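Heads up: the structure comes next, in structure tokens.
The values are calculated or read from the model by the stated rules, or taken from the named source; none is laboratory data. As the structure is a computational prediction, the values presented were derived from the model and not from experiment. Neighbour counts are summed over all protein chains in view; Cβ atoms, including those assigned to glycine, are modelled from backbone coordinates with ideal geometry. Keep in mind that these areas ignore ligands, DNA and RNA; they rest on the heavy atoms of the full protein, side chains included. Shrake-Rupley method; radii C 1.70, N 1.55, O 1.52, S 1.80 Å.
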Amino acid sequence: MIRLDQLTKVYGHGANAVTVLDKLDFAVDSGEIFAVVGPSGAGKSTLAQCINLLERPTSGSVVVNGEDLSSLPEKRLREARRRIGTVFQSASLFSRRTAAGNIAMPLEYLGVEPREIKARVGELLERVGLAHRANHYPFQLSGGQRQRVGIARALALRPSVLLSDEATSGLDPDTTRSVVSLLRELRDDLDLAVVFITHEMDTVLQVADSVARLEHGRIIESGRVVDLLTDHDSALGRALQPHLTPAVPEEGARLWEVTYDSHDVPHDWLQRISQELGEPASLLAATIQTINGVGTGRATVGLRSGSPALVQDAFARLGLRAEPGTLAGTGGHDTVRNDTAREDAPAPLEHAQ
Amino acid sequence: MNLPLATAVIVPRAGDTALADLPGLLVPAYGETLTMVGIVMAIVVLAGTPLGVALHNMAPGGLFENRAVYAVLSWVVNIGRSLPFLILMAAIVPFTRFVTGTNIGIPAAVVPMSLAGIPFFARLVENCLRDVPRTVTQAARASGASPLQIIRTAQLGEAVPAIIGGLTINTIAMIEYSAIAGTIGAGGIGYVAVTYGYQRFDQTVMLATIVILILTVALVQLLGDRLVRFTTPALRLHR
Ligand SMILES: Nc1ncnc2c1ncn2[C@@H]1O[C@H](COP(=O)(O)OP(=O)(O)OP(=O)(O)O)[C@@H](O)[C@H]1O
Ligand SMILES: [Mg+2]
């Protein structure tokens, strides 16, 4: 496991000093994928460089399996780096070495026997599904394959912590999904603690168990993804959901923003609500998915029923929370910055009868 | 059209060296040129590469960032680069004599040529290293590479094709310098061109030396391009 303890990074001195990371605290257990999201300039890359010990923190520490690595002298620091595998953005492969040659690099640096290197590289290529591409050069590989090589290289020295800095940024959605599922598989098989840094919210949903939002060098919100998604007060939880623009409801119907409020909402809640209220509920927008085995989602529903209290009670009995909604839509990636706007949503939409 | 123009410039005349005598004159001279350039390039690569690596890594953001040392190195290299070769050669005659004990012949030419070539090559190497993506060196560091391993694998290793390109440019410059050095009696094709072609107006020799120099430069360029292709997987494997 890896733990950050009051990690602080200040660039510059005196009047020019800029605090890029401000007393960060978090821990990632073995077998856990922890995502860090945040806007450009939040300090994500700086955090990555402090975690893999390419930069020394100004104060605070990086603790891996109980040992404080950040305060080691330079020589030992190099050895310590080997305990943390880093997957970079795609451009980090050696262009003049084959896939196998790239994966061999950390082993060569360490001075491992050529025979042993060959065996280990073969194993790793197999692991990331690239055995048939061993002798291909980076320019002959697709973006996703290059990232797999990068992942295999990061794993070459059997680290207990895997750090990924924007490893899926710039990949298409399908490729991202395949890289992400590989990471999850490796996390399970090798019991890795994974720190996954990204600015893409939908990737977080696919990959992470927990997530923290970094802004101006501070973690402003964090938690388990499932909890955040079912917590209607969580700005981060809302930001993680895709933005939905509802269909226009029929005349006289009110809009209701429905969010999953518990971990066991029945799958047929829409039918049940219709039965309970004695009118067909129209589904105007919805996203429902299973995150780490728990159903989560949000929906915009149109209902004619007069009494808001009655409607909210009906939803509440199913583990859902209903709030009067607007046509503007819900949550979403692009409302990340000032997500409180939805909190004081205007009165339900009323059509002239 | 072209023929009268060419003959207007270079007209073989009576008294010129006979064609049959050309090989006897030019082959030894060519050998001297190759020796001179060969020795100089060996020195230039051996001294210029470490200097280029030092420049790159002393510069801000480098592995051994040191602004003061970088400023001094950079200044020294600039001096070497700013003097026209003829002036450099003349200015360091006492130094050349001190090093080689003579101020004529191949040894005397090697000293100024190396002094001009080393800073030139160092700057070329520095530029090539600067073009290696930062993420590649970061990846090497994160993989546990020592500074020397980073330099060898990530910096020089990735820059090989670019450095070969620089080496080609440098070799061609040295062929040119060897001709200038020829004027102070260093021998070689340049010496033949000046003494026969310029001082005695021997147009046959002039023409022959020009052809030889053009072919040599073309050959070096061709060889350099081939090597760049060969060392760049994306070029080599694209037929
Ligand atoms: N070496 C440095 N010296 C001074 N300031 C720096 C240095 N590196 C980063 N910073 C500053 O730290 C802040 C955070 O940068 P960082 O690269 O960590 O952001 P980021 O979250 O990765 O952004 P992005 O999503 O755009 O990559 C920025 O304001 C940047 O200007
Ligand atoms: Mg960044």
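Annotations for the structure displayed:
- Summing Cβ point charges (Lys, Arg +1; Asp, Glu -1) relative to the Cα centre of chain A gives a dipole of roughly 1780 debye.
- Solvent-free Debye scattering, log10 I(q)/I(0), computed from the Cα coordinates of region B:169-232 at q = 0.11, 0.16, 0.28 Å⁻¹: -0.31, -0.56, -1.12
- Rounded percent of accessible protein surface that carbon and sulfur make up, region A:2-235, 1.4 Å probe: 45
- Nonlocal amide H pairs with A:GLU55, under 5 Å, H built at 1.01 Å: A:CYS50
- Debye-formula intensities of chain B, expressed as log10 I(q)/I(0) at q = 0.09, 0.18 Å⁻¹, are -0.49, -1.28 (one equal scatterer per alpha-carbon, no solvent).
- Region A:244-324: relative contact order as a whole-number percent, Cα under 8 Å and 6+ apart: 44
- Summed over both chains, the area buried between A and B is near 2100 Å², taken from the accessible surface of protein heavy atoms with a 1.4 Å probe.
- Each residue of region A:276-286 was assigned a 3J(HN,Hα) from its phi angle through the Karplus expression (A = 6.51, B = -1.76, C = 1.60, θ = phi - 60°), giving 4, 8, x, 8, x, 8, 9, 8, 9, 6, 6 Hz with x at Gly and Pro.
- Rounded percent of accessible protein surface that carbon and sulfur make up, chain B, 1.4 Å probe: 71
- In sequence order, region A:206-222 has phi-based couplings of 6, 9, 8, 8, 10, 8, 10, 9, 9, 9, 6, x, 10, 7, 9, 7, 7 Hz under the Karplus curve 6.51 cos²θ - 1.76 cosθ + 1.60, θ = phi - 60°, and Gly or Pro positions carry x.
- Partner chain coverage, peptide B:140-153 - average Cβ within 10 angstrom: 6
- Two-decimal ratio, region A:143-241, of alpha-carbon radius of gyration to 2.2 N^0.38 Å: 1.11
- Working value for the protein assembly as shown: equivalent-ellipsoid semi-axes of 70, 27, 22 Å, each the square root of 5 times a Cα gyration tensor eigenvalue, largest first.
- Solvent-accessible area per residue, Å², over region B:26-232 with all protein chains present [probe radius 1.4 Å]: 46
- Protein-protein interface of region A:76-92, residues with accessible area decrease of at least 40 Å², isolated chain reference, 1.4 Å probe: A:ARG78, A:ARG81, A:PHE88
- Across chain B, Cα pairs under 8 Å and at least six residues apart give a relative contact order of 28 percent.
- The mean accessible area for residues of region A:223-289, using a 1.4 Å probe and ignoring ligands and nucleic acids, is 45 Å² per residue.
- Taking every Cα-Cα distance in chain A and sorting them into 10 Å bins starting at zero, the pair-distance distribution P(r) comes out as 5, 22, 26, 20, 14, 8, 3, 0, 0 percent.
- Amide hydrogen proximity for A:GLN241: with H placed 1.01 Å from N in the peptide plane, the residues at 5 or more positions away or on another chain lying under 5 Å are A:GLY332.
- Environment charge of A:ASP191, counting only residues whose C-beta is closer than 10 Å and scoring Lys/Arg +1, Asp/Glu -1: -3
- Residue among B:LEU213, B:LEU129, B:LEU63 with the largest mean-square fluctuation in a Gaussian network model of chain B, springs linking Cα atoms under 10 Å: B:LEU63
- Under Karplus coefficients 6.51, -1.76 and 1.60, residue-wise ³J(HN,Hα) of region B:224-229 in Hz, glycine/proline x: x, 4, 4, 5, 4, 4
- The modelled label-to-label distance for the pair B:THR231/A:GLN312, using points 7 Å beyond Cα in the direction of Cβ, is 7.3 nm.
- Other residues within the sphere of radius under 14 Å centred on the Cβ of A:ALA104, judged by their own Cβ, net out at +2 (K and R +1, D and E -1).
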